[in-house]
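Below: the structure, in structure tokens.
The values are calculated or read from the model by the stated rules, or taken from the named source; none is laboratory data. Please read these numbers as outputs of a predicted model, since none were measured by experiment. Please note: Cβ atoms are built from the backbone with ideal geometry, for glycine as well, and neighbour counts cover all protein chains shown.
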Amino acid sequence: MKAARTWTWTLLVALAAFPAQAQEQEGDSEAGSDPVKERILWQRATRDEPYVFQAFKQNYVLPASYVTDINDSPSTAGLSGSSRFQDAEVKFQFSIRVNLWPDIVNERTSVSFGYTQLSLFQAYNGGASRPFRETNYSPEIWFDYLFAGEPAGLFEARVLRIGYQHESNGRQEPLSRSWDRVYVDLIFEVGRVAVSLRPWYRLPEKDSRDDNPDIHEYMGYGDLVLVYPRGGHTVSALLRNNLDTASNRGAVELGYSFPLAGQLRGYLQVFSGYGESLIDYNHSATRVSLGIMLHDWL
């Protein structure tokens, strides 16, 4: 976890040094003052449009992605010889959502469905026929309660979310990995920083069907997401930890996105720790990636 702690301090320094006087886009100083509220208003305005999926989590393609200590042998089916995995690969994520039941109790409540797919593609590994090293599929369904009013002070609660999430890599033994969780997600703002605090509980499985019975020891019991948008630029972090002082494990993912052209954004991402993908849930590595982002957290 030494690397994860290093990246945590890097995040704090980045947030402190992020230019408070960054060049604002036209109207950005007004529009960017409450990023979570703006996202909610945009989702509510477009939820009834036909044939329109809304962005959910980050959507990106990172063709320049280098990982240290790549997981060559997650099981006895690992590659060997000239067909070993390469440290350079392509990482991309696709994430959408749809509002299933708006105003289920009143105008501040709704039920939604989301789908996120993360892939690690050995695009430059011609010796191994350019395989997809790992793809994770994650559907989820949740209930949202939107807080009303504009509470005074630094802390502003925006959304309380209760959901169920399945995640698997769609493979057979011995490479199969999967788990199911229920979670509570409190989304709020502290000044200009948007925060998602999401503890979860893993739903138990029968021992005979559990591909990864110790996954909680590496993935922990929740995650914390911090997002700071300013002047068209965004600094973000995702933090996980198992809260075990005797055998501490976790992960840190730092991101920086910036305008390129039109709706396209450049994106730099650094990941360090366990569980970047399900096949790597018990394998620690550090990855640096650069590419194009289509949609950020906010």
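For segment 152-175, filtering for residues that are in contact with a helix residue (DSSP H, G or I) (Cβ under 9 Å, 6 or more places away or on another chain) and farther than 18 Å from V227 by Cα leaves 5.
Please return the ranges of strands (runs of 3 or more DSSP E) entirely within segment 144-253 where 1 or more residues are over 19 Å from the mean Cα position of the chain (by Cα), over 28 Å from F132 (Cα atoms) and of a type outside the set (D, E). Spell out how you get there, then give the answer.
Working: elements: 155-168, 178-190, 193-202, 222-230, 233-241.
Strands (runs of 3 or more DSSP E) meeting the threshold: 155-168, 178-190, 222-230.
Being more than 24 Å from Q54 (Cβ to Cβ), part of a strand (DSSP E or B) and out of contact with any helix residue (DSSP H, G or I) (no Cβ under 7 Å at 6 or more places or on another chain) is the filter here; which residues of segment 116-143 pass it?
If the condition is that a residue be more than 24 Å from Q54 (Cβ to Cβ), part of a strand (DSSP E or B) and out of contact with any helix residue (DSSP H, G or I) (no Cβ under 7 Å at 6 or more places or on another chain), then L120, F121, F132, R133 are the ones that fit.
Out of V184, V252, V190, one residue alone is touching a Pro at 6+ places or on another chain (Cβ under 8 Å) and of a type in the set (A, V, I, L, M). It is V184. Any chance segment 79-90 includes a residue that's aromatic (F, W, Y) and either at pLDDT 90 or above or part of a strand (DSSP E or B) (or both)? Yes, segment 79-90 contains a residue that is aromatic (F, W, Y) and either at pLDDT 90 or above or part of a strand (DSSP E or B) (or both). When segment 250-273 is filtered for residues that are of a type in the set (A, V, I, L, M) and buried (at least 20 other Cβ atoms within 10 Å of the Cβ), the ones remaining, listed by number, are A251, V252, L254.
Scanning segment 254-286 for residues that are free of Cβ contacts under 8 Å to residues at least 12 places away in the same chain and assigned to a loop (DSSP other than H, G, I, E, B) turns up just one, G262. Identify, by number, the condition in (1) closer than 23 Å to G275 by Cβ; (2) touching a strand residue (DSSP E or B) at 6+ places or on another chain (Cβ under 9 Å) that P174 doesn't meet. The one condition P174 does not meet is (2).
Here R202 clears all of (1) surrounded by 19 or more Cβ atoms within 10 Å (Cβ to Cβ); (2) under 28 Å from A246 (Cβ atoms); (3) among the basic types (K, R) except the condition numbered (1). Pairs are defined by a Cβ separation below 6 Å, a sequence spacing of at least 6 or placement on different chains, a first member in segment 201-217 that is modelled with pLDDT of 90 or more, and a second member that is part of a helix (DSSP H, G or I) and crowded, with 16+ Cβ neighbours inside 10 Å; the pairs so defined are R202/H216.
The selection criterion, being farther than 22 Å from L238 by Cα and free of Cβ contacts under 8 Å to residues at least 40 places away in the same chain, does not hold for D144. Filtering segment 112-138 to residues that are charged (D, E, K, R) and crowded, with 18+ Cβ neighbours inside 10 Å leaves R133, E134.
With the structure loaded, tell me whether S247 is surrounded by fewer than 17 Cβ atoms within 10 Å (Cβ to Cβ) and not acidic (D, E) or whether it fails that test. For S247, the condition - surrounded by fewer than 17 Cβ atoms within 10 Å (Cβ to Cβ) and not acidic (D, E) - is met. For I70, the conditions (1) closer than 21 Å to L264 by Cα; (2) modelled with pLDDT of 50 or more are fulfilled apart from (1). The sole residue among G191, G163 that is more than 23 Å from G273 (Cα to Cα) and either at pLDDT below 95 or surrounded by fewer than 16 Cβ atoms within 10 Å (Cβ to Cβ) (or both) is G191.
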